[in-house]
Structures are given as structure tokens and as C-alpha cells.
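To keep things clear, I will list the structure first and then write my remarks on it.
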Amino acid sequence: MSNKEVKAALKSARDAIRNKEYKEALKHCKAVLKQEKNNYNAWVFIGLAAAELEQPDQAKGAYKKAIELEPNQLLAWQGLANLYEKLNQIDVKGDLADVYQKLLELYESGDKQKWCDVCNKLVELYHQEKKYLEVAETWQKLIRMKQEEGAEKAELHQLWKKMIQLLKDSTRNQDNKTGQLLLTAFEHALSSADMVPGEDHQNLYKDFIQCLSKFPHEVARLEKACHDMMAFYPTVSYPLEVLCLHFLHSGTLSEKALHCFSRLLEMDASSGPGIIGFGIKCLKENKYKEAVKSLTEGLQKTNQCPAAWHYLAEAQMKLHEHRNAVLSCNQALEALGTPEGSNLRWKNLALQLKAETLIKIADADAAEEAIKALEQIADASSDPVVSALRGQAYVNKGLMDQASKISQELLLSHPDLAEAHALEGFIHYSQKNYEQAEKSFLNAIEKKAGTAEYHQYLGLTYWFMSDETKKDKGKALTQFLKAAKLDSYLGSAFCYLGNYYRDIAGDKSRARGCYKKAFELDETDEESGTAAVNLSVELGDMDTALSILDEVTGKARPGTAKWAWLHRGLYYLRTGQPSQAVADLQAALRADPKDSNCWESLGEAYLNRGSYSTALKSFRKASELNPGLVYSIYRAAALEQILGKYENAIATYQQILKNTENYVPALKG
């Protein structure tokens, strides 16, 4: 075949392809290749025809042969790109990216429009594969090309915005280089915006700040962006909110941070981060009730803020609202999810605070939960304070051997650690080794004098050690007073002071004041509430007694606060108000249906009201629960007599006399 015939055959092949006669085209190409096996155009035409005949492997082989022959010729690369695009298979996407890269190289010095088209396709391909660094670098090349061609500012602005759009999901991967390119894109987009200030510019700034807040190492850049946005948009609260949340999360509550919180509240009194900031300020100023109120309110608006939940738990702990503090710690841990970096610090803090709080609840289940929390703290074994907490949890569970082992190790490795001596004290105290406990608590106080709990336990040690130490003003009383002074929210310290003034000093008035204070601090403290009511009655101050009972019963849920219902019911019974007595005693029985004395009192109330049948049932119930209640059995017999059930009454009287021969009311009956 001559050169002329080769050209004719190639022309025929081209015409056949144009007419969609692909098999015919293949015949012409094969004829050419018999003569010239390295004919570039023949191999390209075979690739085209085979692709149309859905023979991808043959097409791919033909294009690759052509490329091998002429690596810098466009046709085969274009054909291979079209083939891979048509196949749209995952396994060829890597090859397609290489083809696009070669096409960019070939178009670079020639057709700029085609270079841009291929560049767009390559970026789209990388984006589908989530190869964000390649997306960023390739798109930057496109922008550079446009800049070299003298593109308008508006066009470049749109290109930078498109780059932001392409990379918006890349922050999840936290690849530093990609992150830097994304932040650079934001800065260019902001500087090339037309309308400043304007809605587009403002929204861009918001997105930029939100993006910056995901990069923990970009603190300076975040602060600068927030201040810059505030300068452009002084009435918009968003940058201040982000700054406040940043300060919250960093845990650095400097003057600058507190100023930000105040400024935000001035701008928007209902801002969640602003209210949270005010709550933290109250916490730092020891205004714990105000802190709990503000932090709770702020978290209703901004609930995904682990640091704020932690501060709320801290404030609740200071008020000895232990169960609420545990719930707040759980919320902090939930908001943290799977933490890294600075979030890991918050996780450890929340777990430690949760464990401390559970230990204060002081029951075996809470202790078990505390141990589980401590086990989740990173590097817990190297922290002696965490080890001391684990020891306390073991004490609460009654596992003294494990607690003693930790105590001994800590005293050897950290002899100056107050918590180590306190743990030794808790072990001795729980084992009633009061003399050793005294030494341990004195050592703990020497190392850390400002801990109310150590003084309280030293006071209790003296209380139970002997009558002398209990009565010695310089011992138990002094320590309880110190505990109450150091922690004015420690209700139990005031309860113990009440015990001292009532049982040792015989000062009912002062004792009543202490019990009242203890109960105000902890409304679940029945011992203090009951003592305050009883002493008020003894002092002839029924108004105070009733005001305490009214307050408790007014807040009580059904089936709770038995002691208050019972006390008020008995008061109404004594003062001739049987209907009110019936209502209160029924409420007391809802809390404890098996209290025989309460049933007896209810029977008495019904009797006084004239409800004989119901009174009879109540007295019978009381004697069923406690057959030794002779008065209830007698009252039942008397009511049977009143109701005309004489045979039953006689039988009941005889039963009483059988057990108690000289019981005069039964003889009279």
C-alpha cells in the first residue's frame, strides 16, 4: 500500500466514522496498520470506532498505543478522556485524573478556554473523590490563569466563592494545608467583594468566622476576623457571640473575655452566650445561685456548649445540688461527642467533676458510677487527686482493702497531698478508728486549711470519739463552725451545729436557727426539717412550724415528704381541725402506706370528724400492720359498739383483755 493509498484509507475511515459506520472504519484502519503499524491516526480512529461499538478495552488499548507513539499529540488524549467519561466507572477515575492533568499541560500554551474546561472537569472529579487538597490546588491554578488574563474583580470574586463552596466540607478532615487554602479563599473573597458593607459581604464574613472557629490553632486569626466584622457591622451580634463561645471553650476567662460577655449582653440581652458569660462571672464571684440561674437560662438558648454545662455543674456542686450537677456533667459529655484536642481536656474535667459529685451522694450505686467515670479519664493513673477520688469511691462501696492500698501508695508518693491524708481519714472514720482519723484530718487541714469537708469530718470524729470531745467546745463545735464558715451552703454542717446546741448546750432557740438554715439549704434533709418543726413547737412558735410545713407540702410531689404531711396532720388533729387532719394524714400514707401509727392517727381524725365506718377501717388497718397497737384495737371495738355491732365489739374487747388483763377502757367497754 503506497503513501497515497494510506491517506485514502484514513480518509475513508474518517468518513465512515462521520457516517457512524464504525465497523467499516475499523476495516480501513486495520488495512492501514498492516502497511504502517505505527500510524498514529489509524490507532486514534480505532479507539473512536471501538468506543462507539462499546468495546472499551479495545478502544483503551488503541488510544494508549497512539499515546505511546506520540505522547504530546492531543487527539489520543482527548479520545481517552471521552472514553473514560463515557464509562463513568470508579476504577478509571484515577486514570481519568491523569488524562486531565496531561490535557492541561498540552492546552496550557494554546487554547485557554479548553484549558479552563478541562480544569473544571478535573476539579469536579477530585471533589467527587473528596480529594480536597487537589481540588484547592487545581482551582487556584484556574484563578491564577484568570488573573494572568486580566479577569475582572467581580469574576475573580465569584471564583474565590466557588472555591469556598468546593472546600466547605473539607474542615471535617482537618487537613492543615487544605484548611489554609480554604481560609485564604475566604480572605480573597472578602477583599474582592463589591458591596461593602452589604448582605453578601456580611454572610461571607459569618461563614469565614464559622470556618475559623473549627481550627483550634487559628485563635489569632479568629479574633482578628471577629473584630474586623464588628468594625464593618457594629450592630450585628454574631461575631461577638462566636468570640464569647471561643473564650468559653478555651477556658481563659480574662478581663478581655468578660468585657466581650458584657458587650454582647448590652447588644442583645437574650443572647445565649452572653447570659452564659454572665453566669460564669457570677460563679467566679461566688454568687452560686445567680450563676445557676443564668447558666441554666443561657443553656436553654445555646445547649451545645460543653464548657457552659461544666460551669453549671461546678455551680450546682458549690450549692450541694449533687444530682443536678451529675446531670449537667452528663450533658457536657454528650455535647462533647468523641473529643480531640482541647475537647479532650473538657471531657477529663467533666468526668472528674462527675466522679467528685457522685462521691458526695455517698451511696454504693453512685460510688460504682464514680469509679466508671474515673476509668474514662485519660492518663488518670498519673494524677494523684484522681487516685484519691477512686479511693473515696471504694470507701463508699465498703471496699476498704482497695481504698487502703491507694491511701498507702499516695502517702508514700505524695506525702504533702491533702487529699492523700483526707482519704486515710475517711477510711479510719468509716471503721470508727476515731483517734487515727483525727490525726489524718488534722494533717489534711494542715496541707489545705480551706476545705470545709475536712473540718466537718474532724468535727464528726470528735462527736463520736467520746463524750468529752463531743462536749468540748474547742473540739466538735469549733470544727462544725469552721466548716459552716468556709462553706455557707453546706447544710449538713448547720445540722450538726443544731445537734450540738440542742443535745449538748441545751440552747433550743439557737439549735432551731441552725436546723432551719440547714433545711433551707437542703429541702431533702428531713432530719433538719423535723427538728426545726419540733423545736418551734416546743418554743411555742407554731407560726414558724406551720410556715416550714406549709412550704414543704406546697412543693411536694404526690407520695413524698411524709414527715411534713404527718407533722401537719397531727397538728390539725390536736387543734380540732379533723377534716384538714384527714387530708394531710392521707397524703402521708401515700408516701408510706405501711405506717401503722399513721393509720391510727387517721382513724382518730375520722372519729373526730364523725366518720365512724371509715375510722373503724383505719383502726383495723393499723392493728393489722401492728397487732401490738392496743389503742387501735380498743378504738375498733368502741366503734363497733357505737355502730351496733355488739357481738363483734364484745369479741374484740375479750381479745384485748386476754392479752392485757387490766386494760380499763376495754373492761368499761
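Brief remarks on what is shown
- Close pairs from the stretch 371-387: first hydroxyl-bearing (Ser, Thr, Tyr), partner surrounded by fewer than 15 Cβ atoms within 10 Å (Cβ to Cβ), Cβ under 8 Å, at least 6 apart: Ser387/Ser381; Ser387/Glu409
- Single residue of Ala556, Ala518, Ala531 found to be within 29 Å of Lys485 (Cβ to Cβ), surrounded by 15 or more Cβ atoms within 10 Å (Cβ to Cβ), under 38 Å from the mean Cα position of the chain (by Cα) and of a type in the set (A, V, I, L, M, F, W, C): Ala518
Residues are listed down the side, and each one gets a yes or a no for (1) open to solvent by 60 Å² or more (accessible area, probe 1.4 Å); (2) small (Gly, Ala, Ser); (3) more than 44 Å from the chain's Cα centre (by Cα):
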site: Thr469; (1), (2), (3): no, no, yes
site: Gly474; (1), (2), (3): no, yes, yes
site: Phe494; (1), (2), (3): no, no, no
site: Asn499; (1), (2), (3): no, no, no
site: Glu527; (1), (2), (3): yes, no, no
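- Every pair of residues 6+ apart whose Cβ atoms lie under 9 Å, when the first sits in the stretch 586-602 and is more than 12 Å from Phe619 (Cβ to Cβ) and surrounded by fewer than 19 Cβ atoms within 10 Å (Cβ to Cβ) while the second is of a type in the set (Val, Ile, Thr) and modelled with pLDDT under 85: Arg590/Thr560
- Check on Lys293, basic (Lys, Arg), out of contact with any helix residue (DSSP H, G or I) (no Cβ under 8 Å at 6 or more places or on another chain) and either within 30 Å of Leu486 (Cβ to Cβ) or surrounded by fewer than 21 Cβ atoms within 10 Å (Cβ to Cβ) (or both): no
- Test: residue in the stretch 244-255 that is of a type in the set (A, V, I, L, M) and touching a Leu at 6+ places or on another chain (Cβ under 9 Å): no
- Test: residue in the stretch 442-449 that is over 23 Å from Tyr500 (Cα atoms) and among the basic types (Lys, Arg): yes
- For the stretch 209-228, the tally of residues that are touching a residue at least 24 places away in the same chain (Cβ under 8 Å), farther than 12 Å from Tyr238 by Cα, in a helix (DSSP H, G or I) and out of contact with any Asp or Glu (no Cβ under 8 Å at 6 or more places or on another chain) stands at 4.
- The stretch 610-647 - residue that is β-branched (Val, Ile, Thr) and within 23 Å of Gln586 (Cβ to Cβ) and, of those, least open to solvent (accessible area, probe 1.4 Å): Ile633
- Residue in the stretch 501-519 that is part of a helix (DSSP H, G or I), more than 30 Å from Gln580 (Cα to Cα) and of a type in the set (Asp, Glu) present: yes
Rundown of residues vs (1) buried (at least 22 other Cβ atoms within 10 Å of the Cβ); (2) over 23 Å from Gln431 (Cβ atoms); (3) in contact with a Gly (Cβ under 6 Å, 6 or more places away or on another chain), yes/no style:
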{"position": "Leu358", "(1), (2), (3)": "yes, no, no"}
{"position": "Asp365", "(1), (2), (3)": "no, no, no"}
{"position": "Ala373", "(1), (2), (3)": "yes, yes, no"}
{"position": "Asp379", "(1), (2), (3)": "no, yes, no"}
{"position": "Ser387", "(1), (2), (3)": "yes, no, no"}
{"position": "Gly391", "(1), (2), (3)": "yes, no, no"}
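- Selected residue (criterion: surrounded by the most Cβ atoms within 10 Å (Cβ to Cβ)) from residues of the stretch 12-67 that are over 29 Å from Lys93 (Cα atoms) and of a type in the set (S, T, N, Q): Ser12
- Filtered residue count, the stretch 600-618, keeping only those that are under 15 Å from Gly576 (Cβ atoms) and assigned to a loop (DSSP other than H, G, I, E, B): 1
- For the stretch 20-59, filtering for residues that are under 60 Å from the mean Cα position of the chain (by Cα) and not in a helix (DSSP H, G or I) leaves 2.
- In the stretch 307-346, the residue that is farthest from Asn396 (Cα to Cα) out of those that are crowded, with 22+ Cβ neighbours inside 10 Å and in contact with a Pro (Cβ under 9 Å, 6 or more places away or on another chain) is Ala308.
The values are calculated or read from the model by the stated rules, or taken from the named source; none is laboratory data. Please read these numbers as outputs of a predicted model, since none were measured by experiment. Heads up, the Cβs are rebuilt from the backbone with ideal geometry, glycines too, and the neighbour counts pull from every protein chain shown. Just the protein is used for accessible areas: all its heavy atoms, side chains included, with ligands, DNA and RNA removed. Shrake-Rupley method; radii C 1.70, N 1.55, O 1.52, S 1.80 Å.
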